[in-house]
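Note sheet for the following structure.
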Amino acid sequence: MKLTRFQLVLLIAALSGFVALSYEILWFRIIASATWGLPSAFGLLLAAYLFGIAVGSRVSGRFCKDDAKEGDTGPMRALAAFTFFANIAAWLVAPLFAWLAKWTWLPPLAGVAVAAGLLGSILPLVCHFGIAPDQKAGQRLSYVYLANIVGSSAGSLVTGFVFMDRMSTPQIGRTIAVIGLCLVFVMVFASGLKGRSLQLALAGVSLGAVIIGLTNARVYDRIYERLLYQSDFKDDTHFADLIETKSGVIAVTQDGTVYGGGAYDGRFNTSIVYDRNGILRAYGIGALSPKPARILMVGLASGSWAQVIAHLPGVESLTIVEINPGYLTLISRHEEVRDLLTNSKVHIDIDDGRRWLNRHPDERFDVLVQNTTWHWRAHITNLLSVEYMQLVRAHLSPGGVFFFNSTSSDDVQKTAATEWPFAMRVYNFMAVSDAPLSFDKGRWEHVLQTFSLDGSPAIDRSTKNGQELYDELLAYADTIKETPTDRGLEARDSVLLRTKDARLITDDNMVPEWRQLLRFPKLE
């Protein structure tokens, strides 16, 4: 069935919207990884995108001449050319972020503007080509815009929820580029070109497709390694593991360090002897809670913390809420934590932590623990605000403890110590409760003496080094009486005095996310 001129215009408007928004979704994944989830990253990307669209729309006006004759296909030829170059430019934006990451992530925003400018020229040209200047022009214009909106929405949904859950970033880039080039083919055939001109146009588009197909793997080569390592990236730099889902990108370095969305997210380690991920804090739950029978853990990451918590003395059940199912795949590949997935004590739900709490109003726990991400990352307010702490309080059993990572933020620590009558800093964690709270030395000693994982004790005290480490760790409980240090314990009054100039975090003010509008993270 042959499409009418206006039906063709509607199809082009829809597909161009699909391609444009698909690229934007892909670009945001890249810039989010490059900035470790900086809250302002989306705003900067959107600003560059909209600026480019505005400029592209204005420039395309030069191709929309008032004296064009009826049936003139010149605008369609211009539209095909714009779409071709827009597609190539947009395909290159994601790798541009990666290849320039050794310097900074800001300059590639110019690439976003250029690609968006070319994409932004499509809709004006479509309207000029397909809408006759008669009494129905307004009606037809609304249909074209509706088609573009439908296509844009479909691009966001399909790319965000389907492509990103089933394809790698290079595959997504190639797929969107292919869809874009298919659109160009349609435009070329509809442009009225004939004979040699048509053959040359089709050959050019075909060559572009071949080039993308042959070079895609090279252009997108180790894109997340480049974003993470930046100036430290070498020719032999490779991740040990890389998992992509619609919920984010999980990368594991050769030494077992986990990065989620480009930001540090822990290490594979359950040993308190070789503590390279602050696992002491997980063991410390046994000293903070007199009866940690039921525990809720928000966030899973490498599973190292969950593995330790599940084996603490007295723990009967551990419920884990994790938003990214990719971590389950990751854990299944690492022997140290793999049996967490089959532990009868452990139940894992894939959900947002705050939403899970709202959906389970009757659940109560002795401890709620969350070793979540940096206080300045996007959306972290949802897990740090006064309102969230009130939600947590409703899910704690009498005497229950909320134990969470402040990532050394004064705002977070002040909010916790203000909202709860009993509070204590444990390293960079805050332990809070509505009941008297202490890092009990007797309970701590019991944990250190009785904890075992797969039949192996936490510390081999039969050796001199083991006994010395045991004595050193046992003495940690006494640091509450000493001058506070970054790694020790600190009482509530001291926390409040030290953070007197900080601000309370609420859902409305989002304080930690906007302390620094721009941030240039480097691999430490």
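The values are calculated or read from the model by the stated rules, or taken from the named source; none is laboratory data. As the structure is a computational prediction, the values presented were derived from the model and not from experiment. Ideal geometry is used to build each Cβ from the backbone, glycine not excepted, and the neighbour counts take in all protein chains shown.
Just one of the listed residues (Leu341, Leu368, Leu357) is outside any helix (DSSP H, G or I) and not β-branched (Val, Ile, Thr), namely Leu368.
Here is the figure for segment 227-252: residues that are more than 16 Å from Gly326 (Cα to Cα) and surrounded by fewer than 20 Cβ atoms within 10 Å (Cβ to Cβ) total 9. Any idea how many residues of segment 183-210 are exposed (fewer than 14 other Cβ atoms within 10 Å of the Cβ) and of a type in the set (A, V, I, L, M, F, W, C)? Result for segment 183-210: 4. In the set (1) under 20 Å from Thr169 (Cβ atoms); (2) crowded, with 18+ Cβ neighbours inside 10 Å; (3) out of contact with any strand residue (DSSP E or B) (no Cβ under 6 Å at 6 or more places or on another chain), Arg218 fails one condition alone, (2).
Matching residues to (1) crowded, with 19+ Cβ neighbours inside 10 Å; (2) modelled with pLDDT of 95 or more:
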| site | (1), (2) |
| --- | --- |
| Trp356 | yes, yes |
| Leu391 | no, yes |
| Ser408 | no, no |
| Thr415 | yes, yes |
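Filtering segment 278-297 to residues that are over 16 Å from Phe439 (Cα atoms) and surrounded by 24 or more Cβ atoms within 10 Å (Cβ to Cβ) leaves Ile295, Leu296, Met297.
Among residues of segment 204-234 being in contact with a Lys or Arg (Cβ under 6 Å, 6 or more places away or on another chain) and either among the acidic types (Asp, Glu) or not in a loop (DSSP other than H, G, I, E, B) (or both), the one that is nearest to Phe268 (Cα to Cα) is Gln230. Residue-level check: of (1) among the small types (Gly, Ala, Ser); (2) over 30 Å from Phe82 (Cβ atoms); (3) free of Cβ contacts under 8 Å to residues at least 60 places away in the same chain, Gly213 misses just (2).
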